[in-house]
1. Of LYS17/LYS153; LYS153/LYS188; LYS136/LYS188; LYS93/LYS131; LYS32/LYS93, which ones are farther than 25 Å apart at the Cα?
2. Could you work out the relative contact order of region 105-200? I mean the mean sequence separation of Cα pairs under 8 Å and 6+ apart, divided by the number of residues, in percent.
3. Subtract the Cα-Cα distance of THR113 and VAL134 from 0.36 nm times their separation in residues, and report this length gain in nm to one decimal.
4. Tell me the relative contact order for region 8-86 as a rounded percent, counting alpha carbon contacts under 8 Å between residues six or more apart.
5. With n ≥ 4 as the cut-off for DSSP H runs, can you work out [θ] at 222 nm for the chain, using -39500 (n - 2.57) per run divided by the number of residues, rounded to the nearest 500?
6. For the chain, calculate the relative contact order in percent as a whole number, restricting contacts to Cα pairs under 8 Å that are 6 or more residues apart.
7. How large is Rg over Rh for region 8-86, taking Rg from the Cα atoms and Rh as the Kirkwood inverse mean of 1/r across Cα pairs?
8. What would the Debye formula give as log10 I(q)/I(0) at q = 0.10 Å⁻¹ for the alpha-carbon point model of the chain, no solvent?
Amino acid sequence: MFTGIIKDVGTVSAIEKHGETFKLAIKLNQLKNAEISLGDSIAVNGTCLTVTDLLDSGFAVEAMPETFRRTNLGQLEIGNHVNIEPALGASDKLDGHFVLGHVDTTAELVNKTDDQNSTVLSFRVSPEYRKYIVEKGSVAIDGVSLTVSGVEKDIFQVSLIPYTLSHTILGELNVEDSINLETDILGKYILDSKVEAYQND
């Protein structure tokens, strides 16, 4: 379980690919190795992965084909930055919203504009997942907990303050970049339960 509150921006230091499986080595910036243990769950760009190795100033994770197909992690290159969030502890403060680290799909950044003290990012998402996105609802974009500020057809928007832009990788996004999207788990259960009830009537 995560909250979508990013604790560090790491740097990809090594990549090992075999077909649709891959291993990533990630160098930490703010977090210390003492805060991460072998076997821990950790969110990398919003994707829940398992720490398989502890390295000098960082850690390694391994991804399976489902992760390669569902997320943008397979597009990473050495030197790229990634959002990092360790799993939530039982006594930790709950900010953001409930984020599972189970990425639904990727979405494409189609527009980036400034609105006074905020930056508005517009993303295009497939209709299959658009139904789970509602205005003022929650989404996780590359693991960052955000509020949907607008929705129109297959486009949704989020508005970011300067702090979020400078403390996550979202400030580095350019138009046509792909992001990992996790929609709100509560919305998915509510909508799917309504569909099931309708089908059983």
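Read-outs throughout are calculated quantities, based only on the coordinates presented, and are distinct from any laboratory measurement. In this text, all values refer to a predicted model and were calculated from it rather than measured experimentally. Virtual Cβ from ideal backbone geometry, glycine too; neighbours counted across all protein chains shown.
1. Working: LYS17/LYS153 37 Å; LYS153/LYS188 18 Å; LYS136/LYS188 15 Å; LYS93/LYS131 30 Å; LYS32/LYS93 19 Å.
Pairs exceeding the cut-off: LYS17/LYS153; LYS93/LYS131.
2. Computed value for region 105-200: 34 percent relative contact order.
3. Going from the current span to full extension adds 5.5 nm.
4. That works out to 40 percent.
5. After summing the helix terms and dividing by the residues of the chain, the value is -4500 deg cm²/dmol.
6. Taking the mean separation of contacting Cα pairs over the length of the chain, I get 24 percent.
7. Numbers: Rg = 11.2 Å, Rh = 12.2 Å.
My calculation puts Rg/Rh at 0.92.
8. Ignoring solvent entirely, the Cα scatterers give -0.42.
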